[in-house]
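Questions regarding the structure given below will be posed in turn.
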Amino acid sequence: MAFSEFRPLDEKSLIEYIKATPSLSSKIVDNYDGLKIKEVGDGNLNFVYIIVGPSGSFVIKQALPYIRCIGESWPMTKERAYFEVLALKQHGALCPEHVPEVYHFDRTMSLIGMRYLEPPHIILRKGLISGIEYPLLAEHMSEYMAKTLFCTSLLYRSTTEHKRAVAEFCGNVELCRLTEQVVFSDPYKVSEYNRWTSPYLDRDAETVREDNLLKIEVAELKSKFCERAQALIHGDLHTGSVMVTPDSTQVIDPEFAFYGPMGFDIGAFIGNLILAFFAQDGHAGQGNDRKVFLSLPLLLLNENFPVYLSF
């Protein structure tokens, strides 16, 4: 083991860690000349380092004991890295074409080493904002969700296998609680973490908070989210959790994974595509009026995605 107790890594200590970890050092053939390290963790929770050398490359992701974008005032379990690597390995075994390979996991350091998705891979959200067309995206995401959801459900597994798997992921309770808060609770009440474009959307935000029928519907969805252990879901499947090129689709960051309702993954992803669809007018510019781009999403949904979205 490279380190006997947890500590956040910086570039210097990361090199020490790699040298002491054969499963990582072998990926760059122990060649540290010209090794480049870049921290790219622009998400909410973790440190993410890209390591590229003359002889190989990989990514290191380290979970922190708090929410990175907020700070130590919002503690968060480091054990989420354990559940992320479990989900990556299990989903990767079912759908290796669309899940990056895991090279290394260190539970003490809450650290995952995995395949580096080289350029031109970019985050799907950035590609949609730029108006890039991804002709295989719907097919790839349909395949990923069909394989991972079906093959981890009772439609495929025995009752014994399913109950054992559900029990294993029950420990990811803090990440489930975070989803319950930021998806099913905070948006419908006054909360310090809510954000909107004020003053322009003040009335819209107030309308949501005052809509009791909506809150009843959301409460029912929250109940289903908490109670229905249908399949091993990604749990945070938005356009920021997918990396793409025109012919490659890779699903990343399943740290919110647990056994929940299949419709949550499907609905979250399609909901993000709908948001991207309605945002296109704001991204249009000279040379790309987005009219052709705007004609694609509904066609792709109709042809490839399941129409059954119920929890």
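The values are calculated or read from the model by the stated rules, or taken from the named source; none is laboratory data. The structure displayed is predicted, hence computed values, not measured ones. Methodologically, a virtual Cβ is constructed for each residue, glycine included, from the backbone with ideal geometry; neighbour enumeration extends over all protein chains shown. These accessible areas exclude ligands, DNA and RNA; they are computed on the full protein's heavy atoms, side chains included. Shrake-Rupley method; radii C 1.70, N 1.55, O 1.52, S 1.80 Å.
Can you tell me the accessible area per residue over the chain, all protein chains present, probe 1.4 angstrom, in square angstrom?
Value for the chain: 52 Å² per residue.
In addition: Taking the Cα atoms of the range 122-177, report the difference between the largest and smallest coordinate on each principal axis, in whole Å and largest first.
46, 28, 13
Just the number, please: carbon plus sulfur as a percent of the accessible area of the range 122-309, 1.4 Å probe, no ligands or DNA/RNA counted. Please report the intermediate quantities before stating the final value.
Working: 5960 of 10250 Å².
Summing carbon and sulfur atoms, their accessible area is 58 percent of the total for the range 122-309.
Shifting gears a bit: In 5 Å bins starting at zero, report the fraction of Cα pairs in the range 16-140 per bin as a rounded %.
Calculated over all Cα pairs of the range 16-140, the distribution is 2, 10, 16, 20, 20, 17, 10, 5, 1 percent.
Here's another thing I want to ask about it. Listed highest first by mean packing, meaning other Cβ atoms within 10 Å per residue, what order do 118-125, 211-218, 229-236 come in?
In decreasing order of mean packing, 118-125, 211-218, 229-236 become 229-236, 118-125, 211-218.
At a Cα cut-off below 12 Å, give the aspartates and glutamates reachable from residue 163, other chains included and same-chain residues fewer than 8 away excluded.
Qualifying aspartates and glutamates at Cα under 12 Å: none.
Among 29, 98, 207, flag the residue with its Cα farthest along the positive direction of the charge dipole of the chain, charges on Cβ as +1 for Lys/Arg and -1 for Asp/Glu.
Positive-most Cα among the choices belongs to 29.
If one takes the longest principal axis of the Cα atoms in the chain, at what angle in degrees, from 0 to 90 and to the nearest 10, does the Cα axis of helix 262-283 lie?
The helix 262-283 is inclined about 80 degrees to the chain.
Can you give me the relative contact order of the chain as a percent, contacts being Cα pairs under 8 Å and 6 or more apart? Intermediate results must be reported in sequence, preceding the final value.
Details: 460 pairs, mean separation 54.2, N = 311.
It comes to 17 percent, rounded to a whole number.
Got a number for carbon plus sulfur as a percent of the range 11-115's accessible area, 1.4 Å probe?
51
Could you work out the helix-only [θ] at 222 nm for the chain, with each DSSP H run of four or more residues adding -39,500 (n - 2.57) and the total divided by the number of residues, to the nearest 500 deg cm²/dmol? List each step's numbers first, then the result.
Values: 12 runs with 132 residues, N = 311.
Helix contribution divided over all residues of the chain: -13000 deg cm²/dmol.
Listed highest first by mean packing, meaning other Cβ atoms within 10 Å per residue, what order do 48-55, 158-165 come in?
Working: 48-55: 17.8, 158-165: 12.6.
For the peptides 48-55, 158-165, the packing ranking is 48-55, 158-165.
Can you give the Rg to Rh ratio of the range 173-250, both from alpha-carbon atoms, with Rh computed by the Kirkwood formula? Walk me through the numbers on the way to the answer.
Working: Rg = 15.8 Å, Rh = 14.9 Å.
Using Cα coordinates only, the ratio equals 1.06.
Between residue 132 and residue 161, what is 0.36 nm times their sequence separation minus the Cα-Cα distance? Round to one decimal in nm.
Roughly 6.3 nm would be gained on extension.
Turning to a different aspect of this structure: Could you give the distance between the Cα centres of the range 106-151 and the range 190-247, to the whole Å?
21
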